[in-house]
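The block underneath contains the structure these notes are about, expressed in structure tokens.
The values are calculated or read from the model by the stated rules, or taken from the named source; none is laboratory data. This is a predicted model, so every value here is computed, not measured. Heads up, the Cβs are rebuilt from the backbone with ideal geometry, glycines too, and the neighbour counts pull from every protein chain shown. Protein only, heavy atoms only, side chains kept; ligands, DNA and RNA dropped before computing areas. Shrake-Rupley method; radii C 1.70, N 1.55, O 1.52, S 1.80 Å.
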Amino acid sequence: MPVDQEEERDASAIASAEFDAAALDLEELQRLGAILDCRPVSLEGRSVAVELAERLLYVRTKDGTTAPLRANRVQRLFERRRGEKNIVLKARQLGLTTWTAARFFLKTITRPGTLTLQVAHTQEAAEEIFRIVHRFYDWLPEELREGALRTSRANARQIVFPELDAQYRVVTAGDRNAGRGLTVQNLHCSELARWPGDPAEILAGLRAALAPRAEVILESTPEGVGGCFYDEWQHAYETGMVRHFFPWWLEARYRGRAVDATSLNEEERALMARERLDLRQIGFRRDVLANLRGLARQEFAEDAESCFLASGESVFELSAVDARLAFAPASVESRRNGQLEIWLPPVQGRRYLVAVDPAGGGSEGDYSAAQVVDVETGMQCAEFAAHVGGVELAKTITELAHEYNGAVLVIERNNHGTGVLALCESVCGYGRIYREHNAGWGQLGWLTTSVSRPAVLGRLNAALVENAGLFMSRKLLAELRSFIRHADGSTGAAGGTHDDRVMAMAIGLAARAEVAAAGGDPVVRCELGK
């Protein structure tokens, strides 16, 4: 945020050795509140909020003493990337709750009319958060506490600043009335993955209480595939939330005894090279894996996919999925607000197919998904997934097929697929559509049956094991992780997750064998009559 000369002067005053917090009056506090998010030249890239927090606030250290707050690496990274609406996926004990409390406390005491609400998953957690906030207040200069920041109420749940008409509240997610009748400027939902009851319903009620331009931070360590936090994380790009992922190695304390360099395995060497870890961090990692076993990836997250553990037997080889997740590349192009991602643009002379798993559209339920596959190599080139159906889906996939050299469209005709097939052929005028390969004409589209489904999923698993490098999409890989065998013997997405990308890719790889072998003739409508 740009600053003018007066704001630069106010910011410079905070950084100076002569800064006296005790001398701040109500007007000066409000001037600082107006520039909290600014990064003036005098602070060398630091925000006013960080500088003021370190000058004004005190915290309890790990050794039990009270000391001035000093923003750690994770807290500084979050402050640089932070948006208006944020969702944070993190490893354990990185200091995000403390920093959020500090940031929101500063906003509360410098901006009139502010109501800050922090929502914890348990009563114990709520009490700990409020101890942090009370410590901020109790260690302010006495002149501030008895002057501009005197309180009319300060109990286990609430601090009220009457001079500013502002208040700070901490509640639990189990409080059904949390946020009711309030207008909230700052909302922090802590450990959302562990909220009791119906977290989605509670969160919806809190969102209804938000003021325009309110700042929101949803934050949690992961806890399984599915649920409110998992859904919020997966849909963040659609809802406009800024995603923040913080792995364990960003915390300086997470170091163990240095391991012998000659004992490093391939995975450890790759992790050290990619993340620039040292031998003491690898020692810590080994201790975590030995002590937590299957929960290590959840409690000390290393990536934003494998940390969500699915219950139930996985259908796909998790070792292959996780190994690919470590090296899956970013897309070279993203369109439609992330709905369409491209890794390998079309190359003249190459043949492609577009495999489609259609859905009905609407903002809820399944996605319509499409995978662009290189016919010769089986490489995933692009991926589309969105809550669209009907004409919009037909236009999107035919445009994608045109872009990829007139690719063969392989559309699953189950359920909504029949209508999409008709629209592609009639409204969009696209002719290169897969037809079942049999002795007669066959029917347009791919039919998934109780017999063909296990076969196509088996082919996909084999491709994953033999050459995981074929798969580019981290979202596809995340769906593969949560594709499980249920108690009744059926297979599919774990509760609260999706498998649309998986099914589109499975269909694509199965149809690829026919398209590649036939050269297009027996399976493409345009070769038969158009």
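Table for the structure above
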quantity: Net charge of neighbours whose Cβ lies under 12 Å from the Cβ of Met503, counting Lys and Arg as +1 and Asp and Glu as -1; calculated: -4
quantity: Whole-number accessible area per residue in Å² for region 325-400, which is evaluated in the context of all protein chains at 1.4 Å; calculated: 40 Å²
quantity: Binned Cα-Cα distance frequencies in region 115-238 - 5 Å width, integer %; calculated: 2, 11, 19, 22, 18, 13, 8, 4, 2, 1, 0
quantity: Percent carbon-and-sulfur accessible area, region 256-346, ignoring ligands, DNA and RNA, probe 1.4 Å; calculated: 50 percent
quantity: Net charge of Cβ neighbours under 11 Å - reference Pro346; Lys, Arg +1; Asp, Glu -1; calculated: 0
quantity: Segment Thr418-Val332, length gained on full extension (0.36 nm per residue, minus Cα span); calculated: 27.7 nm
quantity: Three-way shape call for region 368-413 based on the alpha-carbon gyration tensor, with the a/c threshold at 1.5; calculated: prolate
quantity: Heavy-atom accessible area per residue - region 18-152, 1.4 Å, Å²; calculated: 42 Å²
quantity: Percentage relative contact order, the chain, counting C-alpha pairs under 8 Å, at least six apart; calculated: 12 percent
quantity: Accessible area in the full protein assembly, largest first, 1.4 Å probe, for Trp139, Trp248; calculated: Trp139, Trp248
quantity: Asp260 accessible area, assembled protein chains, probe 1.4 Å, Å²; calculated: 90 Å²
quantity: Val48 accessible area, assembled protein chains, probe 1.4 Å, Å²; calculated: 0 Å²
quantity: Rg to Rh quotient for region 48-174, alpha carbon positions, Kirkwood Rh; calculated: 0.94
quantity: Geometric extent, Cα atoms of region 159-210 - Rg, Dmax (angstrom); calculated: 11.9, 38
quantity: Relative intensity, log₁₀ I(q)/I(0), of region 182-222 from a Debye sum that treats every alpha carbon as a point, q = 0.14, 0.18 Å⁻¹; calculated: -0.31, -0.50
quantity: Rh (Kirkwood; distinct C-alpha pairs) - the chain, Å; calculated: 25.9 Å
quantity: Cα-Cα P(r), region 420-505, percent of pairs per 10 Å interval; calculated: 14, 36, 31, 18, 1
quantity: Pairs of Cα atoms farther than 15 Å apart, region 216-264, %; calculated: 62 percent
quantity: Principal-axis tilt of helix 279-292 within the chain, Cα atoms, nearest 10 degrees; calculated: 80 degrees
quantity: Accessible-area value, Ile109, 1.4 Å probe, nucleic acids and ligands omitted, Å²; calculated: 0 Å²
quantity: Charge sum, other residues only, whose C-beta stays under 15 Å from Gly492's C-beta, Lys/Arg counted +1 and Asp/Glu -1; calculated: -4
quantity: Principal-axis tilt of helix 199-208 within the chain, Cα atoms, nearest 10 degrees; calculated: 60 degrees
quantity: For region 174-239, accessible area per residue (1.4 Å probe, heavy atoms of protein chains only), Å²; calculated: 41 Å²
quantity: The chain: angle of helix 266-275 to the longest principal axis, Cα-based, in degrees nearest 10; calculated: 50 degrees
quantity: Surface share of carbon and sulfur [accessible, 1.4 angstrom probe, percent] for region 381-454; calculated: 55 percent
quantity: R0 of 22 Å, Cβ-Cβ distance Asp278-Arg70: FRET efficiency to nearest 0.05; calculated: 0.50
quantity: Evaluated at q = 0.19 Å⁻¹: base-10 log I(q)/I(0), Debye formula over Cα of region 269-355; calculated: -1.06
